[in-house]
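Asker: I have a structure I would like to understand better, so I am pasting it below and will then ask my questions one at a time.
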Amino acid sequence: MKDGSPTFAKIVEGIDKSLAKGITVNLRVVVDRDNIEALPRLARFASKRGWTENPHFKTQIGRNYELHTCQADPGKLYSRVELAEELYNLVLKHPEILEFHRPAFSLSRFLFQRGELPFPLFDACPACKTEWGFDYTGSIYPCTATIGKKEETIGTFYPSVNLEKERIEEWEDRDITVIKECKNCNLGLACGGGCGYMAKKSKGRVHSPDCRPVKELLEMGLSLYFEKGV
């Protein structure tokens with residue numbers, strides 16, 4: 001909490017009660033250099049709690065990254081490849097993590113579990129498609145990553161409903177067929193153009209790429225799932 005009071009026990013209680021009622025829980029664990037070593041302990045805790053055997057229990061490993069100005073120590077943050085490397089090495093030491101969470105490593109997890117290629121990924125950005133953001137001021141944003149950035153508002157829901165259609169359409173139209181840098185990329189259908197907001201922040205345009213390190217992630221994932229860490 002903001003006042004420093006603990007939250008872990010409350011979260012555990014909420015997960016227990018939700019799963020008992022058959023409510024799906026998608027637990028997102030946000031890691032950085034300070035807390036990633038605790039991941040094996042959390043995995044064992046979840047297993048002992050019976051969460052990992054419950055079909056309604058799902059997990060994500062999230063990367064804490066700087067889109068706002070709230071990070072006191074940017075040195076704690078991982079790049080996408082750095083986090084994947086840390087997870088790779090941590091799983092080799094503590095394979096029980098895989099009972100709690102199986103990292104995607106781009107297409108690798110899908111290939112391992114399904115034995116086939118996934119559908120082509122034309123768009124990796126959910127903004128104004130499957131994701132929207134709303135805040136206490138009554139503003140609407142393209143996605144959760146843009147919440148609080150007043151220059152990114154695309155309308156209001158209070159005190160009146162107002163949608164900026166042209167700005168919304170710009171986000172809705174974004175995919176690798178309209179991003180010129182993606183059109184001839186041999187990894188485009190696995191990358192999907194990345195995050196639209198990260199692309200806009202770095203290049204000034206929504207219709208620009210946020211390139212994902214697909215090759216590096218695939219190498220780690222194929223090694224972990226198919227070669228058992230070779």
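Asker: Suppose we flag chymotrypsin sites (Phe, Trp or Tyr not before Pro) only when DSSP calls them loop and at most 15 other Cβ atoms lie within 10 Å. Which is the longest uninterrupted stretch of the chain?
Answerer: On the way: sites that count: F122, Y136, F157.
The segment 1-121 is the longest one with no such site.
Asker: Report ³J(HN,Hα) in whole Hz for each residue of the range 201-215, in order, from the Karplus equation J = 6.51 cos²θ - 1.76 cosθ + 1.60 where θ = phi - 60°; Gly and Pro get x.
Answerer: 5, 8, 10, x, 9, 5, 7, 9, x, 10, 5, 8, x, 4, 4
Asker: Further question: State the number of lysine pairs found in the range 8-103 whose Cα atoms come within less than 28 Å, restricting to pairs 8 or more positions apart or on distinct chains.
Answerer: For the range 8-103, qualifying lysine pairs total 13.
Asker: Alpha carbons only, please: Rg and Dmax for the range 133-203, in angstrom.
Answerer: 14.2, 47
Asker: On to the next question. May I ask you to work out the translational diffusion coefficient for the chain at 4 °C, viscosity 1.567 mPa s, via Stokes-Einstein with Rh from the Kirkwood sum over Cα pairs, reported in whole µm²/s?
Answerer: Rounded to a whole number, D works out at 65 µm²/s.
Asker: What are the ³J(HN,Hα) values, in whole Hz, obtained from phi via the Karplus relation 6.51 cos²θ - 1.76 cosθ + 1.60 with θ = phi - 60°, for each residue of the range 96-108 in sequence order, with x given for Gly and Pro?
Answerer: 5, 4, 5, 6, 8, 7, 10, x, 6, 6, 6, 8, 4
Asker: Using Cβ contacts closer than 10 Å as the measure, can you line up D123, D135 from fewest to most?
Answerer: Numbers: D123 19, D135 13.
Neighbour counts put them in this order, fewest first: D135, D123.
Asker: Please return the longest range in the chain lying between exposed loop sites, taking GluC sites (Glu not before Pro), DSSP loop only, at most 16 other beta-carbon atoms within 10 Å, and leaving the sites out.
Answerer: So the longest stretch without any such site is 165-226.
Asker: Further, regarding this structure: What is the antiparallel percent of DSSP beta bridges lying wholly in the chain, to the nearest 5?
Answerer: Bridges in the chain are about 45 percent antiparallel.
Asker: Enumerate the amide H contacts of R102 below 5 Å, restricted to partners 5 or more residues apart or on another chain; note that Pro and chain-start residues carry no placed amide H.
Answerer: Hits under the 5 Å cutoff: none.
Asker: Then there's this: Are there trypsin sites (Lys or Arg not before Pro) in the range 181-230 that DSSP marks as loop and that have at most 11 other Cβ atoms within 10 Å, and which are they?
Answerer: Details: sites: K183, K200, K201, K203, R205, K215, K228; in loops: K183, R205, K228.
Counting only loop positions with at most 11 other Cβ atoms within 10 Å, the trypsin sites (Lys or Arg not before Pro) in the range 181-230 are K183, K228.
Asker: Suppose a student asked you for the relative contact order of the chain, using Cα pairs under 8 Å spaced at least 6 residues apart; what percent would you report?
Answerer: The normalised contact order for the chain reaches 16 percent.
Asker: Here's something else I'd like to know. Based on the Cα gyration tensor of the range 8-103, what are the three equivalent ellipsoid semi-axes, each the root of five times an eigenvalue, rounded to whole Å and given largest first?
Answerer: Each semi-axis is √(5λ); the values are 25, 17, 11 Å.
Asker: Report, in deg cm²/dmol and to the nearest 500, the calculated mean residue ellipticity at 222 nm for the chain, where each DSSP H run with n ≥ 4 adds -39500 (n - 2.57) and the sum is divided by the residue count.
Answerer: Computed mean residue ellipticity for the chain: -10000 deg cm²/dmol.
Asker: Per residue of the range 11-25, in order, report the coupling 6.51 cos²θ - 1.76 cosθ + 1.60 (Karplus, θ = phi - 60°) as ³J(HN,Hα) in whole Hz, putting x for Gly and Pro.
Answerer: Once rounded to whole Hz, the list reads 5, 4, 4, x, 5, 4, 5, 5, 5, 5, 9, x, 8, 5, 10.
Asker: For the range 1-91, state which trypsin sites (Lys or Arg not before Pro) are in a DSSP loop and have at most 11 other beta carbons lying within 10 Å of their beta carbon.
Answerer: K2, K21
Asker: For G133, which sequence-distant residues (separation of 5 or more, or a different chain) have an amide H within less than 5 Å of its own amide H, given hydrogens modelled in the peptide plane?
Answerer: Amide H to amide H, under 5 Å and 5 or more residues apart or across chains, G133 pairs with Y141, C143.
Asker: On full extension of the chain, what length is gained from V161 through H94, given 0.36 nm per residue of separation minus the C-alpha to C-alpha distance?
Answerer: That works out to 19.1 nm of additional length.
Asker: Where the centre of each part is set by its Cα atoms, how far does the range 94-117 sit from the range 161-213, in angstrom?
Answerer: The range 94-117 and the range 161-213 have Cα centres spaced 26 Å from each other.
Every read-out reported here was derived from the displayed coordinates using simple, explicitly stated rules and does not represent laboratory data. Since this is a predicted model, take the numbers as computed values, not measurements. Counting neighbours? That spans all protein chains shown, and the Cβs are built from the backbone with ideal geometry, glycine included.
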